[in-house]
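Structure provided below as structure tokens; questions to follow.
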Amino acid sequence: MLINSDISQSNAMFVIDLTSGVASGLSCARQLASQLKLTIPDRIMTSGSAEAITPLNSIASWVDSEGRGDIVLQKSYHLANQIAAEFANTTNATLLLLLGHTNLEEIPSEECFFLWFLFNHPKIQQQTFIQTAGKAQLNAVLSWLIPRWTKVQDVAYTTQSNVGIENLLITLIPGLIPGELLDRLLKAGHGLTIQFLALTGGDYLINPTQRSLAKPGTIRTLPEFNQILRAFPKLYASLILCGYRPEDRDISMLTNIAWAIAGQGGISLAQKVLEALLAHCHERSLTEYFAVLMELQKLRISAQHYFPAAQDIVDYQLIPGDGIRDYKITLGWARVLSGDSLGAYEVFSSIDAPSVSELKSPIDLYLCNIYALVLFRAGKTDDAIAIELAINRHLTELEEPNYHLSYINNFNLARLYRFLGDLDREQAYFNKVLETTNGLRTESDQIYFNLTQAAIYERRGQPLEALVSTWLACVHWLACEVPEAIGWRTLLSLYSKRQVIQPGLLPDISNKLAETLSARLNSAGLVLPEIDFQPPNFIKISAFSNPIKKLNQAKIYCHQQYGVLLGLPQPTQSSLNSTEHHCLSAIVTAIFQLDSQFSLAEVSTLVVDDCYGHEILDSTYGELIASIRWGINDEQANFHSMLNRVSVTFGQGISSVELKNNTLVKVTFKRYLSPFDIPEMMQAALAKLYKQGICTLAEFVTELNLTKEDEIRCVLNMLESERVCQLVASK
């Protein structure tokens, strides 16, 4: 047990209870948010409730997130920041973590990462923190809590059941519950003695020792409790993990609840719920067995948990004849993506494989992509290319563009032509991949795409271009706000094998990038000069809450090959600014100084301008655009005359626009982003820009009726950060 100070002196106590089943995704964050009276997003994995109605839509949304890293870790990071800031506002507070485990291994990874971000936050490290991990430690903390327990007993009810009721209901529920649920439990659980602790914010902590008596497979309950379960459906799902046997008619409801929990970020919990439901259906030989099995396979694959999805340990007697093919497709899908090429080929050979001639929907196209990958891994490259080219043709015939499938299809064709040694076609199809994310690329995209482009340049015998792309990947890594969310595909491209992201892996990633960058430098025939000063930190502009105010004193550094970075003399806090990453930042800094007329010795922070699409500005017009955006250039004599030298155009990532009464009210994006509602004051001007295609920035701000420099910069910052517009050099 780790105790940083005497908790008996605390003014307030906040609890994270993981000693029993949890009822929602990222339960740690939701428990603290409830006590702090914070509102956090209900959905994590999808951007809107309409997208999460069906599992297939969830799969499309989640698989599409592969290019942008692990979205659950990104959300965990931001939730930890939000909660830490609020927690720090409470003076002399205690944060109590009840594990009830000997270690963290049994806690879902998404919960572990949230705790990692939270307890490494500078505002939390100064607070009291108690961690209980084994029974003895848990009892030690509970002994301090006992005087604070409130006992409630209702002896007005007797039961004929031979199952003990005294501690039964409490053993089933999560330890941290809202007051409304506690009231209903007390009314339903007649004869029940409950020990609970009232917490800040109105929640209650049920004594964990009371909840340690339940034995899986022996749990029964009262009719009144079933009513409570229907009022709190996610609680119902949590009880399944404690061994509670659901009513058969609730299987469909619990399946949907599992997807809702996954949408909240509780992917591991949702899988366990579906696994428990599957075991229940198998035990009772229910016809719902196949439906639950398919939902479990969909969830595993969309969450990229391929290894459990690749295990063929099902009861085929409970699968209808016409369902075996669908199940085996998911089995082969998981096997090929887990690296079992032979097993995947055997599965697809045992069924009628997906046929391009029978394509009816985007999901059919996706399955054909998977089958093409299986054929390629089996050595049937010509057949794989024929399928991918047919998919490419079908994509052009869809009523609405499917940018995610185009991304996958073009990437697959690029890889196939790389295998055949056709480097021109490899580059051509990779360029089409980039078109699906132009103006929308995230941190993980930038690292992944630049590493991929560097490898293409290397194969084409262009060592200098390979160096530049590798350098760009390293800059985006060093400035990455949530490096843990780098994504497995990016790690695969760097290590040439699958890696599971862990907090301790970050320094190794930096070292691997430093090694790759040094090798590309040598291939380009360049000698790296040593720098005799502390390398600067790297940070994205989006990390600043008020970038216009923060950056107006920055200095612009332009390099003909590597683009534009902004320099600040004062240090800033970034995710990768520890000494473990100094080797990479020193190499990146030294390369940026090569063949330049400047020194970075006085720079403590290098800022990457990610205002539009996380792109590093091109040096040919980057200095001018940076001056207009942030007011950096001291030599700008006339701000408004500079506006004639830059043009504004629509964002490259926009898929469609919605016009009403000749005004533009909404834009929809190709990938990643939710539709953006245009502010009323900008609707007419943006409609005119949309029809013209491009205009000078001076014309655009006149149309918006803007005259003040600060107003112009604020509007530009908003439109570019929302990916609606982009500044370009005037022709």
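The values are calculated or read from the model by the stated rules, or taken from the named source; none is laboratory data. All values reported here derive from a predicted model rather than from experimental measurement. Backbone-built Cβ (ideal geometry, glycine too); neighbour counts: all protein chains shown.
Does residue 677 qualify as being of a type in the set (D, E, K, R) and at pLDDT 95 or above?
For residue 677, the condition - of a type in the set (D, E, K, R) and at pLDDT 95 or above - is met.
So, residue 605, is that one under 22 Å from residue 509 (Cα atoms), in contact with a Ser or Thr (Cβ under 7 Å, 6 or more places away or on another chain) and surrounded by fewer than 23 Cβ atoms within 10 Å (Cβ to Cβ) or not?
So residue 605 fits the description; yes.
Only residues that are crowded, with 20+ Cβ neighbours inside 10 Å and under 25 Å from the mean Cα position of the chain (by Cα): list them for region 332-363, please.
333, 334, 335, 336
Can residue 531 be described as more than 30 Å from residue 727 (Cβ to Cβ) and either part of a helix (DSSP H, G or I) or not assigned by TED's automatic domain parsing to the domain that holds residue 622 (or both)?
No: the conditions fail for residue 531.
Now, a different point. Across region 528-546, what is the number of residues that are at pLDDT 90 or above and β-branched (Val, Ile, Thr)?
1
Shifting gears a bit: Is it the case that residue 452 is crowded, with 20+ Cβ neighbours inside 10 Å and either of a type in the set (Lys, Arg) or not in a helix (DSSP H, G or I) (or both)?
No.
Hey, another quick one. Whether any residue in region 656-673 is assigned by TED's automatic domain parsing to the domain that holds residue 471, out of contact with any Leu (no Cβ under 8 Å at 6 or more places or on another chain) and outside any loop (DSSP other than H, G, I, E, B) is what I want to check.
No, region 656-673 has no match at all.
Hey, does region 406-422 have a residue that's in contact (Cβ under 8 Å) with a residue 60 or more places away in the chain and not assigned by TED's automatic domain parsing to the domain that holds residue 584?
Among the residues of region 406-422, at least one is in contact (Cβ under 8 Å) with a residue 60 or more places away in the chain and not assigned by TED's automatic domain parsing to the domain that holds residue 584, which makes the answer yes.
Testing residue 467 on (1) touching a helix residue (DSSP H, G or I) at 6+ places or on another chain (Cβ under 6 Å); (2) under 21 Å from residue 388 (Cα atoms); (3) not charged (D, E, K, R), one condition comes back false. Which one is that?
The number of the failed condition is (2).
Here's something else I'd like to know. How about region 288-341: which of its residues are free of Cβ contacts under 8 Å to residues at least 12 places away in the same chain and either in a loop (DSSP other than H, G, I, E, B) or of a type in the set (D, E, K, R) (or both)?
311, 313, 322, listed by residue number.
Of 268, 252, 238, which residue is farther than 17 Å from residue 18 by Cβ, out of contact with any Phe, Trp or Tyr (no Cβ under 8 Å at 6 or more places or on another chain) and of a type in the set (Gly, Ala, Ser)?
From the options 268, 252, 238, the qualifying one is 252.
Which pairs have Cβ atoms under 8 Å, sit 6 or more apart or on different chains, and link a residue in region 637-665 that is over 23 Å from residue 706 (Cα atoms) to one that is assigned to a strand (DSSP E or B) and among the hydroxyl-bearing types (Ser, Thr, Tyr)?
654/668; 655/668; 656/668; 657/668; 658/668
Could I ask something else about it? Could you identify the single residue in 303, 310 that is within 18 Å of residue 274 (Cβ to Cβ), buried (at least 18 other Cβ atoms within 10 Å of the Cβ) and in contact with a Lys or Arg (Cβ under 7 Å, 6 or more places away or on another chain)?
Going through 303, 310 in turn, the sole match is 310.
Out of curiosity, is residue 95 farther than 26 Å from residue 442 by Cβ, at pLDDT below 60, of a type outside the set (Gly, Ala, Ser) and not assigned by TED's automatic domain parsing to the domain that holds residue 501?
no
Could you please let me know if residue 694 is more than 26 Å from residue 550 (Cα to Cα) and under 31 Å from the mean Cα position of the chain (by Cα)?
The answer is no for residue 694.
Moving on. Considering each residue of region 329-356, count those that are in contact with a helix residue (DSSP H, G or I) (Cβ under 6 Å, 6 or more places away or on another chain), at pLDDT 90 or above and of a type outside the set (A, V, I, L, M, F, W, C), and give that number.
Of the residues in region 329-356, 6 are in contact with a helix residue (DSSP H, G or I) (Cβ under 6 Å, 6 or more places away or on another chain), at pLDDT 90 or above and of a type outside the set (A, V, I, L, M, F, W, C).
Can you find a residue in region 500-522 that is within 20 Å of residue 444 (Cβ to Cβ), of a type in the set (Gly, Ala, Ser), over 22 Å from the mean Cα position of the chain (by Cα) and at pLDDT 90 or above?
yes
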